[in-house]
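Since the structure comes first, as structure tokens, the remarks are kept for the end.
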Amino acid sequence: MSEEQFVKLKFIIENGTIGERNKAFEDLKELPFEDIREFLFEGLQNNHHRIRSQCAKILGQKGDEMIIFPLLQTMGDDSWAIRKSAQEALKQM
């Protein structure tokens, strides 16, 4: 995926409709972890709860040890849905 395509995905995730965001996250999952790691870590801090939740889910699916600390931090999120997503992601490890 080119840098331009990645920037477009990020824009859709931040600004698109729910359906567009879900599609963008599906596309994002297909990329190598090294290419999306920082975006996903940043996404855990996003103001929108669905973005935080999706980022936690994808991190769990990637299963890299680097994700443990960011997901543990996410367990303190105000949203129970985000905490659940982080918990499920950690279980996948």
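What follows is calculated from the coordinates using simple rules that are stated; it is not laboratory data. In this text, all values refer to a predicted model and were calculated from it rather than measured experimentally.
Segment 60-79 and segment 17-58 have Cα centres separated by 13 Å. The helix-based estimate of mean residue ellipticity at 222 nm for the chain, built from -39,500 (n - 2.57) per DSSP H run of four or more residues and divided by its residue count, is -23000 deg cm²/dmol to the nearest 500. On full extension, the segment bounded by E3 and I68 gains 20.7 nm, given 0.36 nm per residue less the C-alpha separation.
Under the definition of Cα pairs under 8 Å and six or more residues apart, what whole-number percent is the relative contact order of the chain? 21 percent. Per-residue 3J(HN,Hα) values for segment 4-14, derived from phi via the Karplus relation 6.51 cos²θ - 1.76 cosθ + 1.60 with θ = phi - 60°, read 4, 5, 5, 4, 5, 4, 4, 4, 4, 4, 7 Hz in sequence order (x marks Gly and Pro).
Between the helical axis of 80-91 and the longest alpha-carbon principal axis of the chain there is an angle of about 80 degrees.
For the chain, what class follows from the C-alpha gyration tensor (a ≥ b ≥ c being the square roots of its eigenvalues): rounded when a/c is under 1.5, otherwise prolate if a/b is larger than b/c, else oblate? If you can, show how the numbers build up before the last one.
Numbers: a/c = 2.01, a/b = 1.34, b/c = 1.50.
Because a/c hits 1.5 or more and a/b fails to exceed b/c, the chain counts as oblate.
List the aspartates and glutamates whose alpha-carbon lies under 13 Å from that of K8, not counting same-chain residues fewer than 8 positions away? Straight-distance partners of K8: E20, D27.
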